[in-house]
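Below: one structure, written as structure tokens.
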2 protein chains.
Amino acid sequence: MITLLSIMIQNINTTPRASRPDLLAILEDQGYRPTNQRRDVVSLLERKGEGFTVEEVSGELPEVGRATVYRTIKLLLKAGVLCKLALPDGAPKYIMARAEHHHHTVCVKCGTVGEFRDTTVERVLRAVGAEIPGEIVGHRMELYLVCLDCQDRPEG
Amino acid sequence: MITLLSIMIQNINTTPRASRPDLLAILEDQGYRPTNQRRDVVSLLERKGEGFTVEEVSGELPEVGRATVYRTIKLLLKAGVLCKLALPDGAPKYIMARAEHHHHTVCVKCGTVGEFRDTTVERVLRAVGAEIPGEIVGHRMELYLVCLDCQDRPEG
DNA sequence: ATAGATATTGATACAAAGTATCATTATGTG
DNA sequence: CACATAATGATACTTTGTATCAATATCTAT
Ligand SMILES: [Mn+2]
Ligand SMILES: [Mn+2]
Ligand SMILES: [Zn+2]
Ligand SMILES: [Zn+2]
């Protein structure tokens with residue numbers, strides 16, 4: 001059984017992010033107007049690599065109303081270009097999404113977010129879902145870890 | 001491969017909850033004092049089968065301070081007898097935990113929570129973790145579904 | 001049983017992460 | 001340009017908690 005599994009676990013993707021899409025264009029394609037505020041928000045997000053909180057984005061954009069930052073991020077979430085994930089205590093964190101379905105790792109020490117995708121997990125989850133009464137409409141999964149940097153760092 | 005998987009997915013547990021433990025005794029064992037307020041809270045929780053929110057519990061116990069309800073639930077979480085899980089929008093929900101590691105299903109229509117445990121998922125997750133840099137310290141996983149009752153119910 | 005040490009409580013305030021209102025402003029369209 | 005509509009931002013409000021701290025309950029030792 002262990003042998004079988006080790007064969008099956010072969011395709012973990014942790015590839016770097018591909019060329020970033022034009023988020024404003026994506027919003028326009030959905031019929032939303034390209035306002036200066038939305039331009040400001042997406043431009044900041046396009047430069048942010050790791051995860052971020054909305055308050056952090058809002059703090060860096062004092063010229064854009066807080067509600068508008070939330071509204072824009074909600075649109076991007078709905079468009080699927082952002083993911084909302086949860087730290088172990090439930091605190092929300094956002095990150096740019098890749099096109100394909102994937103999941104995240106979160107360092108419990110420093111909060112750094114990573115991505116991974118593994119078809120075996122997905123297939124097993126589908127199989128599990130088939131055994132459970134009701135129609136599966138989605139799932140959520142996060143792996144919590146202590147990243148290499150935080151392992152090196154002395155205790156704080 | 002499909003055949004293999006269907007063989008491997010053999011041990012999904014959705015067994016009904018076993019005899020409930022004495023929550024107050026668990027708290028006492030950890031050195032916490034058995035106060036009337038804690039008695040009230042755990043006694044209510046022991047009668048609650050499905051998921052609940054803290055505000056809901058607090059609302060049903062007007063004689064216990066809101067902060068104390070939160071504090072008690074936090075103790076039970078730390079003791080491992082409660083699970084905190086997240087609806088798709090991130091809204092928190094609590095449920096009595098079983099002793100063994102497991103995960104939850106949540107109906108996206110009515111919010112009903114179910115439990116499941118599957119060793120294959122766990123093994124695959126461990127294998128995935130082994131491929132990821134850093135030391136895995138935990139994971140979170142929820143399956144979202146439309147339960148049978150909600151499938152039957154006409155659109156609301 | 002009483003006293004003193006300590007844990008717990010509850011009222012209140014505060015915080016984080018949003019959402020609802022609604023008058024004002026910007027944008028797109030003809 | 002004119003008008004309809006979409007978007008904004010200030011503000012208030014909501015939800016899910018946590019921090020303070022004086023008052024109270026509980027435990028322990030005498
Ligand atoms: Mn997945
Ligand atoms: Mn698990
Ligand atoms: Zn780290
Ligand atoms: Zn349901």
Notebook entry, point to check: For the range A:100-118, which residues satisfy the criterion of being within 14 Å of ligand 1 (Cβ to nearest atom) and open to solvent by 60 Å² or more (accessible area, probe 1.4 Å)?
Noted result: A:GLU100, A:HIS101, A:ARG117
Check: Could you say whether any residue in the range B:38-48 is more than 9 Å from every other protein chain (Cβ to nearest Cβ), at pLDDT below 95 and assigned to a strand (DSSP E or B)?
Finding: no
Check: Given the conditions (1) in contact with a helix residue (DSSP H, G or I) (Cβ under 7 Å, 6 or more places away or on another chain); (2) surrounded by 17 or more Cβ atoms within 10 Å (Cβ to Cβ), and given that A:PHE52 satisfies all but one, which numbered condition is not satisfied?
Finding: (1)
Item checked: In the range A:119-128, the residues that are open to solvent by less than 20 Å² (accessible area, probe 1.4 Å) and either within 10 Å of ligand 1 (Cβ to nearest atom) or of a type outside the set (Ser, Thr, Tyr) (or both) -> A:VAL121, A:VAL124, A:LEU125, A:VAL128
Check: Is it the case that B:THR72 is more than 15 Å from B:MET96 (Cα to Cα), in a helix (DSSP H, G or I) and within 10 Å of DNA strand C (Cβ to nearest atom)?
Finding: no
Next item on the list: Would you check if B:LEU125 is in contact with a helix residue (DSSP H, G or I) (Cβ under 9 Å, 6 or more places away or on another chain), free of Cβ contacts under 8 Å to residues at least 40 places away in the same chain and within 10 Å of chain A (Cβ to nearest Cβ)?
Entry: yes
Margin query: For the range B:39-49, give me each residue that is more than 16 Å from ligand 4 (Cβ to nearest atom) and open to solvent by less than 40 Å² (accessible area, probe 1.4 Å).
Written below: B:VAL41, B:VAL42, B:LEU44, B:LEU45, B:LYS48
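Let's see how each residue does on (1) surrounded by 15 or more Cβ atoms within 10 Å (Cβ to Cβ); (2) within 26 Å of A:VAL121 (Cα to Cα); (3) touching a Leu at 6+ places or on another chain (Cβ under 7 Å); (4) modelled with pLDDT of 85 or more:
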| site | (1), (2), (3), (4) |
| --- | --- |
| B:ARG17 | no, no, no, no |
| B:ILE26 | yes, no, no, yes |
| B:ARG33 | no, no, no, yes |
| B:THR72 | yes, no, no, yes |
Next item on the list: Return the total of residues in the range B:105-122 being assigned to a strand (DSSP E or B), at the interface with chain A (Cβ under 8 Å from one of its Cβ atoms) and closer than 10 Å to B:CYS147 by Cβ.
Entry: 3
Note to self: Looking only at residues that are assigned to a loop (DSSP other than H, G, I, E, B), surrounded by fewer than 19 Cβ atoms within 10 Å (Cβ to Cβ) and at the interface with chain A (Cβ under 8 Å from one of its Cβ atoms) in the range B:129-156, which one is farthest from ligand 4 (Cβ to nearest atom)?
What the structure shows: B:PRO133
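Would you confirm whether any residue within the range A:82-89 is within 16 Å of DNA strand C (Cβ to nearest atom), within 8 Å of chain B (Cβ to nearest Cβ) and open to solvent by 40 Å² or more (accessible area, probe 1.4 Å)?
Looking through the range A:82-89, at least one residue is within 16 Å of DNA strand C (Cβ to nearest atom), within 8 Å of chain B (Cβ to nearest Cβ) and open to solvent by 40 Å² or more (accessible area, probe 1.4 Å).
The values are calculated or read from the model by the stated rules, or taken from the named source; none is laboratory data. Keep in mind it's a predicted model, so treat the numbers as computed, not measured. Every residue, glycine as well, gets a Cβ built from its backbone with ideal geometry; the counts of neighbours run over all protein chains shown. Note: accessible area is taken over every heavy atom of the protein model, side chains too, but ligands, DNA and RNA are not part of it. Shrake-Rupley method; radii C 1.70, N 1.55, O 1.52, S 1.80 Å.
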